[in-house]
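Reviewing the structure listed below.
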Amino acid sequence: MNPHHIRSVHARRVWDSRGRPTVEAEVMLEDGAIGRAIVPAGASKGTREALELRDAGPRLGGLDVMQAVGHVNGEIARALAGRAADDQAGLDQALVELDGTPAKTRLGANATLAVSMAAAHAVAASLRLPLYQYLGGADACLLPMPQIQIFGGGAHAGRRVDIQDFMIVCPGAQRFAQALEWTAEVYRCAGELMQARGPRCGVADEGGWWPDFKTNEQALETLVAAIERAGFVPGSEVAIALDVAASEFGHGGRYTLGLESRELDADGLSELLLRWIDKYPIVSIEDPLAEDDAAGFARFTRAAGHRLQIVGDDLLVSQASLVREAAAIGAANAVLLKPNQRGTLTETLQAWQAAKSLGYAGIVSARSGETEDTTIVHLAIAWQTGQLKVGSFARGERMAKWNEGLRIEERLGSHASFAGAGIFGRSR
Ligand code: PGA
Ligand code: ZN
C-alpha cells in the first residue's frame, strides 16, 4: 500500500456566499488522510474561462451542480482510485484527459477543480504540513500584498456604478498583518463617509460598501478621502487599485458608462483612465479594456504600463497560452490567477509560470461567489506571487481568507517576508 495513493473521492453539493449551489470534494488517501475543498463561482466571467457546469432547468434558477457532483462521484472517483495524489501534475493531467475537452465542458471545471484542490489538501494533511508548505516547499515564506475592495460596483452591485472594484493596497505596510489593520481603518472610515451621505449603507457581493455615487470618479474621490480620514498618506502608504472589468460594459470597441450615460471608444476609455492615473494614487488597473479588445489593451499597456500594474483577468483567464499571446503583442503586465477559470491547480500554476518567465506580475484571486475555503491563500504563498485579491474586508467568506493569512504569517515567524512597496516596482 502506498500511503499517498487515493482510496476514495467523494463530492457533495454545498452553498456559496450568494446562497448558490457549488461543489465540495473530499479525497481520502490510503493512510486515511482526508483533504477537502470547495469551488468558488464568478459573476463577471471571461468568455474563455473553463466551463462551470450548471444543471439548467427550473430549480435554483438553473444553477444547480448535481451533474458536476455526479461526475466526481462517478467517473472521476473511478478513474482516480489507486492513483498517486502526491503527483499533483500527473493527477491533474489525468483529470484533463478524462474530461477530454479544451474547456472542461464535459465534466465541468467545478468538478475537476474541487478534486484537484482536495487531493493537494489530502497529501498536505498526510504529511502534516500546511498546504502552502506542501506545494511551495521551504521557499514559501512570502506573504502577499492584499488588494482589498472598499467599494464594490459593476456586476457585483446591480451595476450601480460601472467600475467593478475600487480597492486599496498598502505599499507602506511592513507586514501582512499591518496591511490588514490599515485596511480595516480605511474600510471603517469609508463606511463613515458613506453613512454621512445618507441612510443607505449596505455592502455589495464581495463586501465592499454599496456604491451610492453620481459618477465613477466620485468613488475615487471618496476613496482618497477615506484614506486621509484614516490617517494615511495616499500613494506612499495606502494606494488605489481598480478592477474596471470593462468586458461587462464594452463590446466591439464601444464602452457604455451607464452611470454617466456616456459612450466611449477604446481610446476614449483609455484617456479617461489615464486622467485618473494622473490625478489619483492608482498603482494597479485590472481589465481596463474588454476581453475582445486585445489591441486596445496593448495600446493602453504601452501608454501606462511603465507607470503601473496592468492586470489581465477576463483577457487571460488564467490560461498559459493566452498569457503568451498577450505578451506577444504587449498587452497587460500582470496576470490574475483564478484556479476555477482553468479547472486544475497545475494548469493555473502553468499560467503563472508562463507569466513570470515573460516578466509579468501575478495576483492570486478569489471569485465574487466564495465560501469558507482558504486554498487560494496557500496558493499565493506557495507560488510566491506576492499579491492576493479576495474582495473586501467584511463577510465571513472574505475574512476566512484574510484570517488564514494572519495564521500563516504568525506560523512563519521570523521566516516570513512581505511583498511591500516593491511589488509594484516590478512593472515600472
Ligand atoms: P467575478 O469577479 O468573480 O465575479 O468574475 C471578480 C473579478 O472580476 O476579478
Ligand atoms: Zn476582474
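The values are calculated or read from the model by the stated rules, or taken from the named source; none is laboratory data. Quantities reported herein were computed from a predicted structural model and do not represent experimental measurements. Here the Cβ positions follow ideal geometry from the backbone for every residue, glycine too, while neighbour counts run over all protein chains shown. What goes into the accessible areas is simple: the full protein's heavy atoms, side chains included, and nothing from ligands, DNA or RNA. Shrake-Rupley method; radii C 1.70, N 1.55, O 1.52, S 1.80 Å.
Listed values, structure above:
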read-out	value
Test: residue in region 166-178 that is open to solvent by 10 Å² or more (accessible area, probe 1.4 Å), part of a helix (DSSP H, G or I) and more than 16 Å from ligand 1 (Cβ to nearest atom)	yes
Some residue of region 396-419 being in a loop (DSSP other than H, G, I, E, B) and surrounded by 19 or more Cβ atoms within 10 Å (Cβ to Cβ)	yes
LEU379 being crowded, with 19+ Cβ neighbours inside 10 Å, part of a helix (DSSP H, G or I) and not polar (S, T, N, Q)	yes
Residues located in region 108-127, provided they are open to solvent by 10 Å² or more (accessible area, probe 1.4 Å) and not polar (S, T, N, Q)	HIS121, ALA125, LEU127
Residue list for region 362-376, restricted to those being within 15 Å of ligand 2 (Cβ to nearest atom) and in contact (Cβ under 8 Å) with a residue 60 or more places away in the chain	ILE363, VAL364, ALA366, ARG367, SER368, GLY369, GLU370
Residues of region 11-43 satisfying the condition of being among the aliphatic types (A, V, I, L, M), in contact with a strand residue (DSSP E or B) (Cβ under 8 Å, 6 or more places away or on another chain) and in a loop (DSSP other than H, G, I, E, B)	VAL39, ALA43
Region 328-374: number of residues that are small (Gly, Ala, Ser) and open to solvent by 20 Å² or more (accessible area, probe 1.4 Å)	4
Any hit, region 135-143, residues being closer than 30 Å to LEU406 by Cα, in the same structural domain as ARG407 (by TED's automatic domain parsing), of a type outside the set (Gly, Ala, Ser) and touching a Gly at 6+ places or on another chain (Cβ under 9 Å)	yes
Residues that are touching a strand residue (DSSP E or B) at 6+ places or on another chain (Cβ under 7 Å) and in a loop (DSSP other than H, G, I, E, B), drawn from region 44-66	GLU52, LEU63, ASP64, VAL65
Counted residues, region 39-96 - those being within 16 Å of ligand 1 (Cβ to nearest atom), without any contact (Cβ under 8 Å) to a residue 40 or more places away in the chain and open to solvent by less than 40 Å² (accessible area, probe 1.4 Å)	0
Some residue of region 204-220 being in contact with a Ser or Thr (Cβ under 9 Å, 6 or more places away or on another chain), more than 16 Å from ligand 1 (Cβ to nearest atom), modelled with pLDDT of 95 or more and open to solvent by 10 Å² or more (accessible area, probe 1.4 Å)	yes
